[in-house]
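Report on the structure given below.
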Amino acid sequence: MSQPGIPASGGVPTGLQAQNGAAPASGSHYSNGPVQNALMTSQVSVSQGYNSQLPGSYPHLIPAKTLNPVPEQSNSGGSQTLSPLSSYQGPGQTLYRPPVASNPVTPSLHSGSVSRVPPPTSQNPAATPMPSGSFPPGANIPPPLNWQYNYSPQTNHYPRASSQPAMSGNTNLTNHQYVSSADTSLQNNFIKSGSTPPLVSPPLPTTFQPGAPLGPPPTGGPPPVRALPPQKSTLRAVSQPSFNSASKQEATPQPTNKNPTVSRSVGYSYPSLPPGYQHTTPPSMAGMPPSSFSYPSGPQAFTQTPLGANHLTASMSGLSLHPEGLRVVNLLQERNMLPSTPLQPPVPNLHEDIQKLNCNPELFRCTLTGIPQTQALLNKAKLPLGLLLHPFKDLVQLPVVTSSTIVRCRSCRTYINPFVSFLDQRRWKCNLCYRVNDVPEEFMYNPLTRVYGEPHRRPEVQNATIEFMAPSEYMLRPPQPPVYLFVFDVSHNAVETGYLNSVCQSLLDNLDLLPGNTRTKIGFITFDSTIHFYSLQEGLSQPQMLIVSDIEDVFIPMPENLLVNLNESKELVQDLLKTLPQMFTKTLETQSALGPALQAAYKLMSPTGGRMSVFQTQLPTLGVGALKPREEPNQRSSAKEIHLTPSTDFYKKLALDCSGQQVAVDLFLLSGQYSDLASLGCISRYSAGSVYYYPSYHHQHNPVQVQKLQKELHRYLTRKIGFEAVMRIRCTKGLSIHTFHGNFFVRSTDLLSLPNVNPDAGYAVQMSVEESLTDTQLVSFQSALLYTSSKGERRIRVHTLCLPVVSTLNEVFLGADVQAISGLLANMAVDRSVTASLSDARDALVNAVIDSLSAYRSSVLSNQQPGLMVPFSLRLFPLFVLALLKQKSFQTGTNARLDERIFAMCQVKNQPLVYLMLTTHPNLYRVDNLSDEGAININDRTIPQPPILQLSVEKLSRDGAFLMDAGSVLMLWVGRNCGHTFLSQVLGVENYALIPQTMTDLPELDTPESARTIAFISWLREQRPFYPILYVIRDESPMKTNFLQNMVEDRTESALSYYEFLLHIQQQVNK
């Protein structure tokens, strides 16, 4: 079924191209195929499919309506503002606040770090166990023929830590054996006596979630919300706005819905899933619980008492959030607020039944876990409202539903989810637009229990994260085959680095692991001043090289033999990979015709779509897309002179063409010299690809980069991949999304085009409150990602998040998620750097802290105390912003090479929050005294859990060894007086002087100290998709400077210390 804004397989629509700077593709319009099902109205959210009768044909055009582009939409990759909102200071608007003059913050010069963010976990298991009793344990339940339901294990190449073995193969859905350790009295806690029957589902055992960040679970829940009523509602006018500065308009509250019954009673006794679910990390982790209504089994009279407003408010005030949640902190007296264990995301203040089913915050989290009732309240808080997503994350287990009926709201096309309300067995109310929909006949049958009349027990209504196998309506053409094209720079410079050996060897090693099936296709192009194609036709005795020297008008020789079936031509492919590194060893060709090579690759791939992997080692010098050096080393420090914008729109236009044909481009830049990543990066940003950067790559002079490239290539080549994808994010009526951040192209106002989607990409969106939310107590957000798997299946992955609406400023601050806020501000600051200037972006970051803390001081605090008073939820906000100012993207000073700064900005826009926070605020551990105390057990390995230390030299001592985990790099600093035990038992040297200057590996010694240290470092590495190099640093090591630059709390020559920064903030707040 076609969807607005999805081109059939043609290029970008002419109307939209003008806005993106792309030349109109001749005759290719946006088109919608014929509507095949009256229920799938033209608002189908993520159906990008391809409907063609012949399995092998990929028609370029399918006759259909032309979509008229929305005039106000700006379609561009990384972050796209869709409608100019008067209440939002968008990335492109200039800052009204003059730079802080009195005590200018010239923050930092060093690539600072940010907070220690282990992937957040929810405290609640994903689903409640099913009441046993429907069948005898172990009974096999034959599902109806047209229905399948299974948990598909997802391969996670970097396994997540888990403290207990996954359920070993016991997927029998009716084996309900579990121990309930919970207090049964909880069942009635939130139910007025006599008003509703007790919960059907027994309480959940508290099981460990594999993949949850390890460490002691947070104690207590969120603090009671209403304990501190706002005393003052007069917000001091802060004259110099920051990111959200234009938001002075007070939105007049408008009820979203006149229908009084819309007070969102959520869910009714959705019973839980079998115990197998308990031991997994289902995406639905922060769980929304089954509600307190019971359906009798079988079609009987429907009785239910909704969770009405009285229930909710009564229960909310009784919920315990962090015991400290309402505490006011004076940061000048209590600076050391960094927890010694990974910082957990705040738990929304929801009824426990709802929270049990909520989406895992690793996949979907909001900057505010209490959504302000009006835009005026949001403006008053001066905090950004937005979502951070990691939609295609590797999951240990994922519920997959195969059904001929995918139940969606007829009005807004929301997928049915745990937070809808069932009015009775035959009708459900949408939690986004409140429309009442009929329950389809097929949905009445629950395949898990073989009971008819239990739509509320279906997996779709029990899991906040779920994947559907999409029927044919979601396709406009047959699902494309996996197609992988590799484009190699073989100029003299490239051959010198020796990268071809590593890449070809990695490809040979992983050829059988490429995601795909019998239809997988592969091809190769190499280029210097000419373009070389390789015919791999079945039957040839060896690969045949075809050279095209006319780079002005590139054509494809023998197109049918250049992309070949991998299974049929595997031996030829292996031959080519073995000979390629030697073919160009004597080359004297120094020129690089990257642009023409990309054009050739695009022409070769456009009939099918797929993934293009481009390896480049220098500035392109020939043909279209040739670039000139723009970096002058002496001007690195002057922020106004740096070139953050592309010097040509060639790469962006080509990326938009690629996106229209379902081609994504991943760029591997292996270069020691300036290569203008600001321009080259556009090819990946707008085609939903990724950028990898290996500065100073050389196979002999920089062997650690070789190891890093090989490890990251293994992950890149073998991780799961989604092709021809689109994603749409929906939210409850009254909220609107206006800006997107990440690598993609916005096809229609809210449809993100992702020719490829990978499990390591993150996205962010900014939102505003358009209509007052006074009539509802809960709001929901749903992301739906439609993609083609490498096996050729069309699938839809849906995540749904539910949050409470709050009406006071105090509650808004109480639910602030400081990591998500910092991550969203970082994305906004990258945009501001590009559209305005780096200094504007830095000022806006500082002003974000000043504005929100001023609002808190003037409108929430009853008595004005001296000091810098902050709510407990924002106690780390100034620290994280200072870390951002010292991060490579935003730091000042001459030590940041331009390409490295641009790469850091690419990472901000494309990394999931957990990795972004780690690169911004690294974790520091003392490792010379590791013990098994507090250690965790994973797959029979004991992993020590040393406490996290503050990033200050004060925390170091010369008689210890300290490991800094900065995300993409690990630095082990060994003090001059470090104990002999650590030197000999871990480093394998007799004294300090014998530590090698360039040590990057720890020897595997047969000692408990060595085993613990190596286990800890391996565990840190396993948890991320990239490979951090380990550097062992002595006092006189050149890397010591990098280590000290990450000490965010200390002063540097161009950046304030944490204490000085707090004084500066206090001075501004108390003005």
**Q.** Matching residues in segment 565-607 - criterion: being among the aliphatic types (A, V, I, L, M), out of contact with any helix residue (DSSP H, G or I) (no Cβ under 7 Å at 6 or more places or on another chain) and open to solvent by 10 Å² or more (accessible area, probe 1.4 Å)
**A.** L572, M583
Q: Output the residues belonging to segment 477-511 that are within 28 Å of the chain's Cα centre (by Cα) and not polar (S, T, N, Q).
A: P479, P481, P482, V483, Y484, L485, F486, V487, V503, L507, L511
Q. Do the conditions hold for I547, that is, is it modelled with pLDDT of 95 or more, part of a loop (DSSP other than H, G, I, E, B) and among the hydrophobic types (A, V, I, L, M, F, W, C)?
A. no
Q. Which residues, taken from segment 823-860, are open to solvent by 10 Å² or more (accessible area, probe 1.4 Å) and over 28 Å from the mean Cα position of the chain (by Cα)?
A. R857, S858
Q: Identify all residues within segment 806-822 that are within 18 Å of the chain's Cα centre (by Cα) and assigned to a loop (DSSP other than H, G, I, E, B); write none if there are none.
A: D817
Q.
Condition first: of a type outside the set (D, E), in a loop (DSSP other than H, G, I, E, B) and farther than 18 Å from P339 by Cβ. Now tell me which residues in segment 928-951 satisfy that.
A. N929, L930, S931, A935, N939
Q. What number of residues within segment 449-470 are surrounded by fewer than 22 Cβ atoms within 10 Å (Cβ to Cβ) and in contact with a helix residue (DSSP H, G or I) (Cβ under 7 Å, 6 or more places away or on another chain)?
A. 3
Q: Name, by its number, the condition in (1) assigned to a loop (DSSP other than H, G, I, E, B); (2) surrounded by fewer than 23 Cβ atoms within 10 Å (Cβ to Cβ); (3) at pLDDT below 95 that does not hold for G325.
A: (2)
(Q) Within segment 690-702, take every residue that is open to solvent by 20 Å² or more (accessible area, probe 1.4 Å) and in contact (Cβ under 8 Å) with a residue 60 or more places away in the chain and give me the one that is nearest to L677 (Cα to Cα). (A) P695
Q: Name the residue, out of P1025, P922, P912, that is closer than 30 Å to V834 by Cα, at pLDDT below 95 and not hydrophobic (A, V, I, L, M, F, W, C).
A: P1025
Q) When segment 385-417 is examined, which residues are found to be open to solvent by less than 20 Å² (accessible area, probe 1.4 Å) and either out of contact with any strand residue (DSSP E or B) (no Cβ under 8 Å at 6 or more places or on another chain) or among the polar types (S, T, N, Q) (or both)? A) D394, S403, T414, N417
(Q) Taking the criterion of being under 30 Å from V624 (Cα atoms) and touching a residue at least 40 places away in the same chain (Cβ under 8 Å), would at least one residue in segment 512-519 satisfy it? (A) no
(Q) Out of V436, V420, I need the residue that is surrounded by fewer than 21 Cβ atoms within 10 Å (Cβ to Cβ) and either of a type in the set (S, T, Y) or over 30 Å from L825 (Cβ atoms) (or both). Which one? (A) V436
Q) Which of the residues belonging to segment 435-476 are of a type in the set (V, I, T), within 27 Å of the chain's Cα centre (by Cα) and outside any helix (DSSP H, G or I)? A) T465, I466
Q.
So for segment 932-943 (the condition being out of contact with any Leu (no Cβ under 7 Å at 6 or more places or on another chain), at pLDDT 95 or above and under 25 Å from K708 (Cα atoms)), does at least one residue qualify?
A. yes
(Q) Cβ-Cβ under 7 Å, sequence separation 6+ or interchain: first residue in segment 527-556 and of a type outside the set (A, V, I, L, M), partner outside any strand (DSSP E or B) and surrounded by fewer than 11 Cβ atoms within 10 Å (Cβ to Cβ). Which pairs? (A) T530/S549
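The values are calculated or read from the model by the stated rules, or taken from the named source; none is laboratory data. From a predicted model like this one, the values you see are computed outputs, not experimental measurements. Neighbour counts are summed over all protein chains in view; Cβ atoms, including those assigned to glycine, are modelled from backbone coordinates with ideal geometry. Please note that ligands, DNA and RNA were not included when accessible areas were found on the heavy atoms of the full protein model with its side chains. Shrake-Rupley method; radii C 1.70, N 1.55, O 1.52, S 1.80 Å.
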